[in-house]
Amino acid sequence: MKTRRVYSTPDIAQARRTLAAAREAGVADSDLSLIARHDIELDAIPEDRKDEHSDFMPAAVRGLAQGGATGLLAGLVAVMIPPLGVTLAGALGVAAAAAVVGGWTGALTGSAAPDPVRQKFEAEIEAGRILVVVDGEGEAGQRADTAVIASGATPLPFEQPTALS
């Protein structure tokens, strides 16, 4: 599983050097992104480097999992009550329906919620600093961490597993 790490840079030139250092350490382009204040993003950061502004995908996955678990539990309870006449297949149907509703609700909620990195480092972003987000796995992540810090980026206190990156 990949781990997401966040680094702060003072300007776009330093952010580009940091991205280059991460690439040289073996991090794929798809595992690198930048977060900056809105006016900086519009002017200086290429579209393919911008990080998502919302929690859409992680929230949808959480909704699917929680909805499915809740639906399965409700279905199994219904199976245990004979007058309801719910079969095991019916319980699985309830779980599937609840997972779909949970995923849909989670996605809607997540699309309105800011990205966790953006939430935690809002003051850094508003101060005009550019955040470099690196998703690395195992030894490659450690090599990238060393290379990025050596390039002059400041590590921020954020290290979180990322299942969707």
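Since every read-out is calculated from the coordinates, none of them should be taken as a lab result. Not measured: the values here are computed from a predicted model. When we count neighbours, we look across all protein chains shown, and the Cβ atoms used for this are built from the backbone with ideal geometry, even at glycine.
Amide H contacts under 5 Å for Phe158: Val6, restricted to partners 5 or more places along the chain or on a different chain, H placed in the peptide plane at 1.01 Å from N.
Annotation: amide H-H contacts under 5 Å for Thr3 (H modelled 1.01 Å from N, sequence separation of 5 or more, or interchain): Gly136, Glu137, Gly138, Thr162. Between Ala97 and Ala74, full extension at 0.36 nm per residue minus the direct alpha carbon distance yields a gain of 7.1 nm. Sorted fewest first by neighbouring Cβ atoms within 10 angstrom, Ile81, Ile130, Ile12 come out as Ile81, Ile12, Ile130.
Projected onto their three principal axes, the Cα atoms of the range 56-112 cover extents of 42, 12, 12 Å, largest first.
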